[in-house]
């Protein structure tokens, strides 16, 4: 999963990713909807939006990815029906709750040190493997992912990985 901040970077990333997530919290709702619609129309892969069920509904987005501090997955499911819903988590308990509430996948991390979350201690591959073993839904690794580390995440049981810089 490529996490991008604009339609232009999302279109470039879509050639290498299986899903693109638009994460642009500084944009106004109207600007976010415009970027999302542009990306959805141009990307050959499903496109998600971070945190904004309303914007996902107003567009043809495939769904949303929700941080743990956002609305519950169950509430998002009531709004979005069968669209994809993911939850970013930082623990086994968070992953299990997301699964129980109906998430389609979780993103776990940071697995390694990450420039986008400085000062947050990395969880490591052992923690990733424990999260993978605690749920039946796909788990994606995030945080400091590189090409080599992506292979390590997959070897630890992750279904895939999410990244910002890897797809830039």
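The values are calculated or read from the model by the stated rules, or taken from the named source; none is laboratory data. These numbers come from a predicted model, not from an experiment. Heads up, the Cβs are rebuilt from the backbone with ideal geometry, glycines too, and the neighbour counts pull from every protein chain shown.
Which of the helices (runs of 4 or more DSSP H) contained wholly in the stretch 52-114 include at least 1 residues that are in contact (Cβ under 8 Å) with a residue 60 or more places away in the chain and surrounded by 18 or more Cβ atoms within 10 Å (Cβ to Cβ)?
Working: elements: 53-58, 73-80, 92-101.
Ranges flagged: none.
Sort out which residues of the stretch 123-135 are under 28 Å from residue 74 (Cα atoms) and either assigned to a loop (DSSP other than H, G, I, E, B) or in contact with a strand residue (DSSP E or B) (Cβ under 6 Å, 6 or more places away or on another chain) (or both), and write them in order of number. I'd like the intermediate steps shown before the answer.
From the stretch 123-135, those under 28 Å from residue 74 (Cα atoms) are 123, 127-135; that's our starting set.
Those that are under 28 Å from residue 74 (Cα atoms) and either assigned to a loop (DSSP other than H, G, I, E, B) or in contact with a strand residue (DSSP E or B) (Cβ under 6 Å, 6 or more places away or on another chain) (or both): 123, 128, 131, 132, 135.
For residue 122, state whether it is within 20 Å of residue 5 (Cα to Cα) and modelled with pLDDT of 95 or more. Full working, then the answer.
Working: within 20 Å of residue 5 (Cα to Cα): no; modelled with pLDDT of 95 or more: yes.
It is false that residue 122 is within 20 Å of residue 5 (Cα to Cα) and modelled with pLDDT of 95 or more.
Could you say which residue among 135, 131, 89 is modelled with pLDDT of 95 or more, touching a helix residue (DSSP H, G or I) at 6+ places or on another chain (Cβ under 7 Å) and closer than 21 Å to residue 20 by Cα? Show your work before the answer.
Working: 135 fails: closer than 21 Å to residue 20 by Cα; 131 fails: closer than 21 Å to residue 20 by Cα.
Being modelled with pLDDT of 95 or more, touching a helix residue (DSSP H, G or I) at 6+ places or on another chain (Cβ under 7 Å) and closer than 21 Å to residue 20 by Cα holds for just one of 135, 131, 89, which is 89.
Among the residues of the stretch 136-148, which ones are in contact with a strand residue (DSSP E or B) (Cβ under 7 Å, 6 or more places away or on another chain), crowded, with 20+ Cβ neighbours inside 10 Å and part of a loop (DSSP other than H, G, I, E, B)?
Hits for the stretch 136-148 are 142, 145.
Do we have residue 153 as part of a helix (DSSP H, G or I), within 14 Å of the chain's Cα centre (by Cα) and either over 20 Å from residue 23 (Cα atoms) or in contact (Cβ under 8 Å) with a residue 40 or more places away in the chain (or both) here?
Numbers: part of a helix (DSSP H, G or I): yes; within 14 Å of the chain's Cα centre (by Cα): no; either over 20 Å from residue 23 (Cα atoms) or in contact (Cβ under 8 Å) with a residue 40 or more places away in the chain (or both): yes.
Taking the combined requirement at face value, the residue does not satisfy it.
For the stretch 24-47, check the following and say yes or no: at least one residue is at pLDDT 95 or above, buried (at least 19 other Cβ atoms within 10 Å of the Cβ) and in a strand (DSSP E or B).
For the stretch 24-47, residues at pLDDT 95 or above, buried (at least 19 other Cβ atoms within 10 Å of the Cβ) and in a strand (DSSP E or B): present.
Determine, yes or no, whether residue 15 is within 23 Å of residue 130 (Cβ to Cβ), out of contact with any helix residue (DSSP H, G or I) (no Cβ under 9 Å at 6 or more places or on another chain) and not in a strand (DSSP E or B). Walk me through how you get there before you give the answer.
On the way: within 23 Å of residue 130 (Cβ to Cβ): no; out of contact with any helix residue (DSSP H, G or I) (no Cβ under 9 Å at 6 or more places or on another chain): yes; not in a strand (DSSP E or B): yes.
So residue 15 does not fit the description; no.
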